[in-house]
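Chemist: There's a structure below that I have some questions on.
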Amino acid sequence: MSFSVLSEFDHLVGSVHDRVDCLVSTSLWDLDRSRLNGWWAQFVTKEERFFAACLLDSLIYRSKEQFSAGLRTLYHQPVRWAAASKVPGDDDLDLVRLLRKPGPGLIRLTPVICDHDPPTKSGPLILRRAKKALGITEECMAWPWAVEQAIDREHVQVVIFVDDFLGTGNQFCEFIRTMMRGKLDTSVKWIYAPVVAHTDGLKKVNAEFPQITVVYAELLEPQHSFFNSEYWPSVSNGGISAIDALAFYESFMRKHGLKGTLKAPLKGYGELSLCFGFEHATPDNTLPILWHNRSEWTNLLQR
């Protein structure tokens, strides 16, 4: 096989382009139209246009409103019931009601951020989004370096790590080792609550820190890889394999001088090969062809 695109696939390119145009026009995708057009214009040949259409066809994009909806779903259900042993009642809203009460209470929400992380780290932003989406009080929030003190002096019983995305799990595990020194009080209920989680990350965190309950609003699995063995034969009527698609992608990236790094290899961090993005940021597990930003290349998603 090779990356050969037949004329019969022109309809897919057109239909995907029209669908994305509709999503942007109706603000279901709050992407900048000029950026979308600029990104699309970089794919010139028939094969490149087909490849770009497949990227857009596979793209899971969460707008600002969708992300807020994910936060509400997460705290009304998975987080609430993960904390059931410490939160009395039998209603989905019991946890949120506690988080809205004046006073510090016995629950702390803390961002996944280390003291050496750059100001651009998304942790504090996610905490602010949670505050707005759920109407919670700032008194129940704490920086990671203040959590231990809150447990000792204020007898906090539930600690919720707030995050937008769990990919490989490496960053979160490093965060626990660095900021919590790997020591988690057994009298406290520890909950990690990324809005979106990948199964690879779930396995990693569960294996290293089984005392932390991980919950999420949306789950990504290995089949969400852009180069999974099922997608390409199905979209090309058996004419293109995942191996062919990967070879084409690597060649295209070399052609445009888009090189991978240790933190952002060509297939995304952890080689998850995702087509996923939020309005506020894009995980480094996503393919760089979607978010790479340099003078010779227009990015579609904000990193």
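Chemist: For residues in the stretch 279-301 being modelled with pLDDT under 90, part of a loop (DSSP other than H, G, I, E, B) and surrounded by fewer than 19 Cβ atoms within 10 Å (Cβ to Cβ), which is nearest to the chain's Cα centre (by Cα)? Steps first, please.
Modeler: Going residue by residue through the stretch 279-301, those that are modelled with pLDDT under 90 are 292-297.
Then drop every residue that is not part of a loop (DSSP other than H, G, I, E, B), which leaves 292-293, 295-296.
In the following step, the residues that additionally are surrounded by fewer than 19 Cβ atoms within 10 Å (Cβ to Cβ) were identified as 293, 295-296.
Details: Asn293: 19, Ser295: 26, Glu296: 26 Å.
Residue satisfying both the conditions and the ranking: Asn293.
Chemist: Answer yes if at least one residue in the stretch 50-63 is surrounded by fewer than 19 Cβ atoms within 10 Å (Cβ to Cβ), without any contact (Cβ under 8 Å) to a residue 40 or more places away in the chain and either at positive phi or part of a helix (DSSP H, G or I) (or both), and no otherwise.
Modeler: no
Listed here are the residues, each with its yes/no results for (1) assigned to a helix (DSSP H, G or I); (2) surrounded by fewer than 19 Cβ atoms within 10 Å (Cβ to Cβ); (3) assigned by TED's automatic domain parsing to the domain that holds Leu125.
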site: Val13; (1), (2), (3): yes, no, no
site: Asp18; (1), (2), (3): yes, yes, no
site: Val24; (1), (2), (3): yes, yes, no
site: Leu31; (1), (2), (3): no, no, no
site: Trp40; (1), (2), (3): yes, yes, no
site: Val44; (1), (2), (3): no, yes, no
site: Glu48; (1), (2), (3): yes, yes, no
site: Leu71; (1), (2), (3): yes, no, yes
site: Trp81; (1), (2), (3): yes, yes, yes
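Chemist: While we're on this one: If I ask for residues that are modelled with pLDDT of 95 or more and either in a loop (DSSP other than H, G, I, E, B) or basic (Lys, Arg) (or both), which ones from the stretch 158-186 would you list?
Modeler: Gly167, Thr168, Gly169
Chemist: With the checklist (1) assigned to a helix (DSSP H, G or I); (2) more than 27 Å from Pro210 (Cα to Cα); (3) touching a strand residue (DSSP E or B) at 6+ places or on another chain (Cβ under 9 Å) in hand, flag the one item Val147 doesn't pass.
Modeler: (2)
Chemist: Right, here's the next one. If you scan the stretch 206-241, which residues turn out to be in a helix (DSSP H, G or I), touching a Cys at 6+ places or on another chain (Cβ under 7 Å) and closer than 21 Å to Ile289 by Cα? Steps first, answer last, please.
Modeler: Going residue by residue through the stretch 206-241, those that are in a helix (DSSP H, G or I) are 206-208, 222-224, 231-235.
Imposing the further condition that a residue be touching a Cys at 6+ places or on another chain (Cβ under 7 Å) reduces the set to 208, 235.
Matches in the stretch 206-241: Val235 only.
The values are calculated or read from the model by the stated rules, or taken from the named source; none is laboratory data. All figures in this text were calculated on a predicted structure; none of them were measured in a lab. Glycine also receives a Cβ, built like all others from the backbone with ideal geometry; neighbour counts cover every protein chain displayed.
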